[in-house]
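The values are calculated or read from the model by the stated rules, or taken from the named source; none is laboratory data. From a predicted model like this one, the values you see are computed outputs, not experimental measurements. Don't worry about glycine lacking a Cβ; one is built from the backbone with ideal geometry, like all the others, and counts go over all protein chains shown.
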Amino acid sequence: MPQDDYLATQATEYSDVDRRTLTYLYQPILGPVATALYTSLWAESKRHPVFSQDRHPHTRLMGMLGVGIDELYDARVRLEALQLVQTFTQVDTARHYVYELHAPVAPSKFFADDLLGILLFDTVGETRYDELVHEFELTPVRRPDMHNISLAFSDVFDIVTAQATTPPATVSTSKSAVVSAGTASPEISGVQLDWELLRNLLSNTNIQSGTLSQNQHALQQLAGFYGLDEPTLAAQIGQALDLLTGKLDMRLLRRNVEQQFERVHGSHFWARGSEATAATSAAATALQPSQPTDEREQEMLARAKSMTPREFINAAKQAQDSRMFASRSEIKALQHLAERGIFSPATINVMVDYALRTSDNGNVSANFLDILANSWAAAGVHTPEQALTQIHQYAAGNTKQQQRVQQRSGNRRGKRSEPVPEWAQQDYVAPKEKISADAQAKLNAQLQELARKRQQKKE
């Protein structure tokens, strides 16, 4: 609410390099309002804040940015999704918010992170993406005929051996006193790779030694989001290796995986544990309201636990119509939600199923996902079973949030009340996305042009 206060705290240092990274890499993804909110919070943050003295009402931020409460909320969740801000809340006589600020990840880690890389690539396009990569590339001046004559630490400094093995108490204490909270990278769980098997599958290639270890985090995220098993991932890695040097091109790998997924649209190449036709037929059952609720939910729950979010939404779309596909905005919305790490892939799939069943246009709205995610997080939802329970309780008007709203409304007689934004109202229903005739005609023309190009490639 506008009058609820907030406090900005620093979890990490924020350097000139971080500002440059924010401008070039994060700002295209965040947008102007979220970027301005982030820089404003850093400007207001203090190293040693006093909770009772350094708090401000949210109207202060709204005035600084020239936005309303809804725009401020949208900007905040974007920062949370990219792990730039962690939000904590406390309620006593009023609600208080603490915004813990984290610096952007280093450019090298940003480009090594597939989720961030895909998001930036989709936002700015291939040409600008390559320019940004070049912007942060470092060119070493060393040459093969040069010799390193730098001295070691022990050649310059003298430290008593006893102190080196047993540091003074003050030195030991400082190790834990000056520890940065760090910036967590978005990570998708649900697929655990067998690294030994992956190495064996790549043993006949010219892959450089240590490549898998160096890119383990990026490969794990890629496999988790797209549902890649070891043989599939090994085949994709082999196609992204330099023929001469054996170096792995992560950008090429990421691009190939997404293009392959778009081409097959949920065929057997991606379906694990069952054939694609079975997955599509099962998803169709999930969207049929005529089926018995308990039976439908049991079948949907089984699929939710066996498919990744990317597979699930793709199969659900094709179940509605074989020509349909998950749009780029829907994929981004799911990526944003998955990056937060608050729900398992199976729980996200239940959310997708619910969103599709309650949508008139057969699309998943990013705003609706955000609202639903916040509601489930506040209710303590962690598993897909708990998600179904929350859906049932909401349908019955018996969720904790609904009860608290009713209780507060009964206790507010005679008190000044703040205006409540639409998304926070009890009877709020997510707006239904509608496409205009002009937009539909433009989309049809694009689809026809895409089909023509694909036909030319086949010929």
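Results for (1) closer than 26 Å to Leu115 by Cβ; (2) out of contact with any strand residue (DSSP E or B) (no Cβ under 9 Å at 6 or more places or on another chain), shown as yes or no for each residue.
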| site | (1), (2) |
| --- | --- |
| Asp5 | no, no |
| Thr12 | yes, no |
| Arg20 | yes, yes |
| Tyr24 | yes, yes |
| Pro28 | yes, yes |
| Pro32 | yes, yes |
| Tyr38 | yes, no |
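Evaluate segment 136-159: report whether one residue or more is at pLDDT below 90, among the aromatic types (Phe, Trp, Tyr) and surrounded by fewer than 10 Cβ atoms within 10 Å (Cβ to Cβ). Yes, because at least one residue in segment 136-159 is at pLDDT below 90, among the aromatic types (Phe, Trp, Tyr) and surrounded by fewer than 10 Cβ atoms within 10 Å (Cβ to Cβ).
Conditions (1) in contact (Cβ under 8 Å) with a residue 60 or more places away in the chain; (2) among the β-branched types (Val, Ile, Thr); (3) surrounded by fewer than 23 Cβ atoms within 10 Å (Cβ to Cβ), marked per residue:
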residue: Ala315; (1), (2), (3): no, no, no
residue: Asp321; (1), (2), (3): no, no, yes
residue: Gln335; (1), (2), (3): yes, no, yes
residue: Ser365; (1), (2), (3): yes, no, yes
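Contact map, segment 1-30: first residue under 14 Å from Val98 (Cα atoms), second residue loosely packed, with under 15 Cβ neighbours inside 10 Å and of a type in the set (A, V, I, L, M, F, W, C), Cβ cut-off under 7 Å, separation 6 or more or different chains; pairs are Asp4/Ala94; Leu7/Phe51; Ala11/Ala181.
Of the residues making up segment 346-401, those that are of a type in the set (D, E, K, R) and within 25 Å of Arg76 (Cβ to Cβ) are Asp370, Lys400. Here is the figure for segment 5-35: residues that are outside any helix (DSSP H, G or I) and aliphatic (A, V, I, L, M) total 3.
Does Ala75 satisfy the criteria of being in contact (Cβ under 8 Å) with a residue 60 or more places away in the chain, within 21 Å of Tyr24 (Cβ to Cβ) and out of contact with any strand residue (DSSP E or B) (no Cβ under 8 Å at 6 or more places or on another chain)? It is false that Ala75 is in contact (Cβ under 8 Å) with a residue 60 or more places away in the chain, within 21 Å of Tyr24 (Cβ to Cβ) and out of contact with any strand residue (DSSP E or B) (no Cβ under 8 Å at 6 or more places or on another chain).
Yes/no per residue for (1) in a helix (DSSP H, G or I); (2) in contact with a Phe, Trp or Tyr (Cβ under 6 Å, 6 or more places away or on another chain); (3) farther than 21 Å from Glu299 by Cβ:
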{"site": "Ile313", "(1), (2), (3)": "yes, no, no"}
{"site": "Lys317", "(1), (2), (3)": "yes, yes, no"}
{"site": "Ser322", "(1), (2), (3)": "no, no, no"}
{"site": "Phe325", "(1), (2), (3)": "no, no, yes"}
{"site": "Glu330", "(1), (2), (3)": "yes, no, yes"}
{"site": "Thr347", "(1), (2), (3)": "yes, no, no"}
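Yes or no: Gln83 assigned by TED's automatic domain parsing to the domain that holds Tyr24 and closer than 18 Å to Ala11 by Cβ? So Gln83 fits the description; yes. Looking at segment 201-215, can you tell me whether even one residue there is surrounded by 13 or more Cβ atoms within 10 Å (Cβ to Cβ), within 30 Å of Leu337 (Cα to Cα) and modelled with pLDDT of 85 or more? Checking segment 201-215: at least one residue is surrounded by 13 or more Cβ atoms within 10 Å (Cβ to Cβ), within 30 Å of Leu337 (Cα to Cα) and modelled with pLDDT of 85 or more. Once segment 349-363 is narrowed to residues that are in contact (Cβ under 8 Å) with a residue 24 or more places away in the chain and in a helix (DSSP H, G or I), the residue that is nearest to Met307 (Cα to Cα) is Asn349.
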